[in-house]
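Written below as structure tokens is the structure these notes are about.
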Amino acid sequence: MSDTEKPLLVKRYASRRLYNTETSDYVTLEDIAGFIRAGRELKIIDLKSGDDLTRQYMLQIVAEHESKGESVLPISVLTDLVRSYTSTAHSVVPQFLASSFDMLRDSQAKMLETFPGLPGTMSPLSGFEAMQRQQKAFLAKMMPGWPGGEGDATPAEPEPAAAAPNEIEDIKRELSELKAKLAKLQD
């Protein structure tokens, strides 16, 4: 296993300073956020007790970004998260969130593979529709009896057939037109 595949080990000293064991230097919370954004897995441990502090520091990074106006989480989502700690949803929420983010990452990766010229933003293309179907299927498994769930009386949406050759040509044509418009805007 190469060094970049292993989690980066960061030790927290009693002085609360964070120490990067790979580079043998002290790091800040912003450095930690940079490692995470770069795709690096990491583990933060308390040097004295050996406690894993990774979750605590990741929550602190999110809280700092949210307080600086870099809001990603709507109030309604934050409210639902707080409520989930005191409800029966507590057991479902972590798995739901993890699966949702996995689907989002997979869908974005597939979209970027399919349309390499597009920026990393979501657009109403077939990749987004596929992600919606995945989320519905996930919810059906996690919460049977809810609308769209396994016990629901409404029939499930049929899986679309593979795109016809004409559809693919239409998509390619639309993509070319979008690229041309984007090129004009950049000039």
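The residues on offer are R37, R17, and the sole one that is touching a strand residue (DSSP E or B) at 6+ places or on another chain (Cβ under 6 Å), open to solvent by 60 Å² or more (accessible area, probe 1.4 Å) and not aromatic (F, W, Y) is R17.
Condition check ((1) modelled with pLDDT under 80; (2) in contact with a Ser or Thr (Cβ under 7 Å, 6 or more places away or on another chain); (3) charged (D, E, K, R); (4) at negative phi) across all residues:
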position	(1), (2), (3), (4)
Q56	no, no, no, yes
I61	no, no, no, yes
E66	no, no, yes, yes
G69	no, no, no, no
V72	no, no, no, yes
S76	no, no, no, yes
A89	yes, no, no, yes
V92	yes, no, no, yes
F96	yes, no, no, yes
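Of all the residues in segment 48-65, those that are more than 17 Å from P7 (Cα to Cα) and in a helix (DSSP H, G or I) number 7.
Scanning segment 5-36 for residues that are within 17 Å of L47 (Cα to Cα) and small (G, A, S) turns up A14, S15, S24.
Here is a yes/no grid of residues against (1) open to solvent by less than 90 Å² (accessible area, probe 1.4 Å); (2) under 22 Å from R17 (Cα atoms); (3) among the basic types (K, R):
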| position | (1), (2), (3) |
| --- | --- |
| G50 | yes, yes, no |
| K68 | no, no, yes |
| I75 | no, no, no |
| T79 | yes, no, no |
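For segment 40-69, enumerate the residues that are touching a strand residue (DSSP E or B) at 6+ places or on another chain (Cβ under 7 Å) and of a type outside the set (D, E, K, R). The answer is L42, I44, I45, L47, L53, T54, Y57.
The values are calculated or read from the model by the stated rules, or taken from the named source; none is laboratory data. What you see is a predicted model; the values in this text were computed from it and never measured. So basically every Cβ, Gly included, is an ideal-geometry build from the backbone, and we count neighbours across all protein chains shown. The accessibility values were calculated without ligands, DNA or RNA, using every heavy atom of the protein model including side chains. Shrake-Rupley method; radii C 1.70, N 1.55, O 1.52, S 1.80 Å.
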